[in-house]
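Asker: This is the structure I have questions about; it appears just below.
The values are calculated or read from the model by the stated rules, or taken from the named source; none is laboratory data. Quick caveat, the model's predicted, so the values are computed rather than measured. Ideal geometry is used to build each Cβ from the backbone, glycine not excepted, and the neighbour counts take in all protein chains shown. Surface areas here come from the heavy atoms of the whole protein model, side chains and all, with no ligands, DNA or RNA. Shrake-Rupley method; radii C 1.70, N 1.55, O 1.52, S 1.80 Å.
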Amino acid sequence: MDSQHGNYQTVSITKTVPVYPKLLHPQKVLNLSNLDRQCPILMYLVFFYNPSHANKTLSLNSVFSSLKSGLEETLSVWYPAAGRLCPNRNDGKLDLWCNNNGAVLVEAVTQVKISQLGDLSQYNDFLEKLVYKPVFDGNFSTMPLVVAQVTKFGCGGYSIGFGASHSLFDGPATYDFLCAWASNSAIMKAKGGLEQQQKPVHERGTLLANCRAPNMATRLSKNPGSVTRAAAIDHLYQLIMQATTHNQNLSDMGSSNQKSYLCRTFHLSGAMIESLKRKVLGQRGGSFTCSSFDVVAAHLWKARTRALGVRKETMVCLQFAVDTRNKMVPPLPNGFSGNAYVLASVALTAGALEEQSHETIVEKIREAKNSISNDYVNAYVDALEGPQGSLPPLKELTIVSDWTRMPFHKISLLHGEAAYASPLVSPIPQVAFFIQNPNDNRGIDVRIGLLSKILDPFSHYFLNGVQ
């Protein structure tokens, strides 16, 4: 956004209200799993709705009232979202107190026009003004788990900034919650509503405990060689040891330097991805196929590592989130609303990564995906049992989060689909998000945080390789 707009960049909050479930539930405490506890802070997503004729005819008051009534109804079913996190009395770990304390909904206005923001897929600091950030003093028991801000733009368009604690929902659960909210809003009800939503299942740690294998001692005594390890945890430990061995100061790589990352979005069209697939397939024809995720993740890993100029003998690692809902034994129930993702991992030396073909890297990514089993998840959860700290942004670690199966832009919180649904910067800024592009359903938008010094070389290696 151009700086010449000065004061026009102001966003004025006109209303802040608590939103309680329409039907109150008896208070209860849900035990969280270690997967839930990894990131209790709020994660944000901003939806942009262009000034269509239907949206222009809506008053801000009617939009706010519609969203508020819909949220009240949604919280009646998704009642943990109206609760708070609380420390367990026995071990101090966070659990979920379903106490009906409510969410927060904010109304705001700005003279800025959505068109002035330019390419909505590109992050800019103005987006931070479009979400509500409650004051947090370190006490999670007072922090709302769901917040939302509806902002009316000078052009008649709207944004809806949504924030939810990652301890409450993972990506698929967030998508389901937002679909339920859209379906319950007065605007959608007037249009006949959306299709029936999947009923959520809110039990967390208890369900994961049902999938637990016998304890480690029992498993070792029965078959010492059969214990599965979580490769992602082992590889992360090796990267940290490698950094300390090379005298890197991990504290200098932490949150104090996160502002040095530039958040950029690279659009890979469907045609570009198909071109990349042909490059991978080579002469093998129908004997080898690969998904868009696999080939883009492989290409990203190669391009980022090359742009960083990592020494050839250095270990580098690609980690990506895998949904375990159907990997568990028994599978988690449909509608499971907690965190069900673990990281799969591939590790090589930088030299081997550069020398090996895209096809070979794709095969390693598939092997890592296929390694995610009930035992892997158990090992992963076990590894998270100890004290948790923030992860320093290790340059040798490339992390990917795949959102392409969650078309957030298709959620009609107002009239029609959103022009774009943009995530804000995550706590680990170098994570690469793969996002559906609203104008190219076969394409992928890659949102990633990059150090300024590697922006140009990364752009060169990443984009030139798919032309």
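Asker: Has the range 407-418 got any residue that is free of Cβ contacts under 8 Å to residues at least 40 places away in the same chain and in a strand (DSSP E or B)?
Answerer: Looking for residues that are free of Cβ contacts under 8 Å to residues at least 40 places away in the same chain and in a strand (DSSP E or B), one finds none in the range 407-418, hence no.
Asker: Then there is this: So if I check each of A421, A379, which one is outside any loop (DSSP other than H, G, I, E, B), among the small types (G, A, S) and modelled with pLDDT under 95?
Answerer: The match here is A379.
Asker: Same structure again: Would you say K410 is more than 28 Å from K277 (Cβ to Cβ) and of a type in the set (K, R)?
Answerer: no
Asker: Could you list, in sequence order, the residues of the range 333-364 that are over 22 Å from R311 (Cα atoms), of a type in the set (A, V, I, L, M, F, W, C) and open to solvent by less than 40 Å² (accessible area, probe 1.4 Å)?
Answerer: Residues satisfying the conditions are F336, A340, V342, A344, V362.
Asker: Can I ask one more? Of all residues in the range 48-61 being of a type outside the set (S, T, N, Q) and assigned to a helix (DSSP H, G or I), which is most open to solvent (accessible area, probe 1.4 Å)?
Answerer: Checking each candidate, the answer is H53.
Asker: Ok, one more. Would you please name the residue that is modelled with the lowest pLDDT, looking only at residues in the range 428-459 that are surrounded by fewer than 17 Cβ atoms within 10 Å (Cβ to Cβ) and in contact with a helix residue (DSSP H, G or I) (Cβ under 8 Å, 6 or more places away or on another chain)?
Answerer: Within the range 428-459, the match that is modelled with the lowest pLDDT is N441.
Asker: Just wondering, is there one or more residues in the range 19-29 that are under 30 Å from V377 (Cβ atoms) and aliphatic (A, V, I, L, M)?
Answerer: yes
Asker: Let me ask something else about it. Report the residue count in the range 76-88 for those that are over 20 Å from C39 (Cα atoms) and free of Cβ contacts under 8 Å to residues at least 60 places away in the same chain.
Answerer: Of the residues in that region, 1 qualify.
Asker: Would you check which residues across the range 413-454 are among the β-branched types (V, I, T) and more than 23 Å from W181 (Cβ to Cβ) and list them? Step through it out loud before you land on a result.
Answerer: To start, the set of residues in the range 413-454 that are among the β-branched types (V, I, T) comprises 425, 428, 431, 435, 444, 446, 448, 454.
Selection gives V425, I428, V431, I444, V446, I448, I454.
Asker: Keeping to the range 356-367, report how many residues are under 22 Å from the mean Cα position of the chain (by Cα) and more than 12 Å from W301 (Cβ to Cβ).
Answerer: Residues flagged as under 22 Å from the mean Cα position of the chain (by Cα) and more than 12 Å from W301 (Cβ to Cβ) within the range 356-367 amount to 1.
Asker: Now for a different question. Name the one entry in S401, S373, S422 that is open to solvent by 10 Å² or more (accessible area, probe 1.4 Å), among the hydroxyl-bearing types (S, T, Y) and more than 24 Å from K279 (Cα to Cα).
Answerer: S373
Asker: Got a sec? Which helices (runs of 4 or more DSSP H) wholly within the range 193-300 have at least 2 residues that are modelled with pLDDT of 90 or more and either in contact with a helix residue (DSSP H, G or I) (Cβ under 6 Å, 6 or more places away or on another chain) or at positive phi (or both)?
Answerer: 270-281
Asker: Now for a separate question. Hey, among S401, S426, S357, which residue is more than 23 Å from A271 (Cα to Cα) and of a type outside the set (A, V, I, L, M, F, W, C)?
Answerer: S426
Asker: So, of the residues in the range 305-331 that are open to solvent by less than 10 Å² (accessible area, probe 1.4 Å) and under 20 Å from the mean Cα position of the chain (by Cα), which turns out to be modelled with the lowest pLDDT?
Answerer: Ranking the qualifying residues of the range 305-331, first place goes to T324.
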